[in-house]
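Engineer: I have a structure here, written as structure tokens, and I will follow up with some questions on it.
Every read-out reported here was derived from the displayed coordinates using simple, explicitly stated rules and does not represent laboratory data. A quick note: this is a predicted structure, and the numbers were derived from the prediction, not measured. When we count neighbours, we look across all protein chains shown, and the Cβ atoms used for this are built from the backbone with ideal geometry, even at glycine.
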Amino acid sequence: MSAIPPVEATCTRAAGADATPLSRAVLAAATEAVLHRGGWGNPDVLLVHHAGRRVVVKDYAPRSAWVRSTIGRWLIAREACAYDWLQGSPGVPRLIGRLDAMALVIEYRPGERLSRELAPRLPATFLRELERRVDAMHGRGVLHLDLRHRGNILADEDGQPVLLDFASAIRLSPARAPGRWLLAGLARIDHRALDKWRARLQP
């Protein structure tokens, strides 16, 4: 089995600006809604309709030149890699590509944020399926590390969990003992977040 590259390594597709059917020139006209307006150091999250489909764009371009040239560029590359590593993983939107160095484009997965109010409408299997999808993510060596945030887990239209926002994610190699130990230890952060959601969502 080949070693999983560390988080700093170049990923299969996402390190460069992949070609997408969307361009910066048409972004404003194609934007349907601003899902989240970022603060000084966070991206805008846009719902965009283009080429017959809806996509989500995370974009640091509106931020200051300092943010764009430092953490913005780095976080977009990091998150694009995380989505790339998790392509095909259950409950993770598909990475479509990089608009440019400041923005990534992912599949739009409509859903509702987790909340106590949503709990009565969730399938009885929701929490079990959420844990299964987190374990599948860990099986690829990826740790989310921010699942406590209520905007990072959705219930989709079928009541199935969707994992979002991998800006904090890291990837570790289970091929060697240090990677396995760190993976097992840091996985507890994600599982503690699941414990929090169980306490909130179960009667």
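Engineer: How long are the semi-axes of the equivalent ellipsoid of the chain, defined as square roots of 5 times the Cα gyration tensor eigenvalues? Whole Å, largest first.
Structural biologist: Values: eigenvalues 144, 104, 44 Å².
Here the semi-axes work out to 27, 23, 15 Å.
Engineer: I'd like to compare 166-173, 79-86, 64-71: which one has the highest average count of other Cβ atoms within 10 Å, and what's the full order after that?
Structural biologist: Per-residue mean Cβ counts within 10 Å order the peptides as 79-86, 166-173, 64-71.
Engineer: Next question. Assign unit charges at the C-beta atoms only (+1 for Lys and Arg, -1 for Asp and Glu), then state the dipole size of the chain relative to its Cα centre in Debye, rounded to the nearest 20. Walk me through the intermediate numbers first.
Structural biologist: On the way: 30 positive and 21 negative charges, 87 e Å.
The calculated dipole for the chain is roughly 420 debye.
Engineer: Mean residue ellipticity at 222 nm from the helices of the chain, using -39,500 (n - 2.57) per DSSP H segment of n ≥ 4 over the full residue count, to the nearest 500 deg cm²/dmol? Could the numbers behind the result be given before it?
Structural biologist: Values: 4 runs with 59 residues, N = 203.
It lands at -9500 deg cm²/dmol.
Engineer: Quick one: which of 108-116, 136-144 comes out on top by average Cβ neighbours within 10 Å, and what's the full order, highest first? Provide the component values of the computation, followed by the final result.
Structural biologist: On the way: 108-116: 15.2, 136-144: 21.0.
The most tightly packed comes first, giving 136-144, 108-116.
Engineer: Explain nothing, just the number: dipole magnitude of the stretch 111-201 about its Cα centre with +1 on each Lys and Arg Cβ and -1 on each Asp and Glu Cβ, in debye rounded to the nearest 20. Before the final figure, lay out the partial values.
Structural biologist: Working: 17 positive and 12 negative charges, 91 e Å.
Using Cβ point charges on Lys, Arg, Asp and Glu, the stretch 111-201 gives about 440 debye.
Engineer: Please sort through the DSSP H helices of the chain and keep those with an alpha-carbon extent of at least 20 Å along the long axis and a Kyte-Doolittle average not below -1.0.
Structural biologist: Working: long enough: 177-201 (36 Å, -0.33).
Length and hydropathy pass: 177-201.
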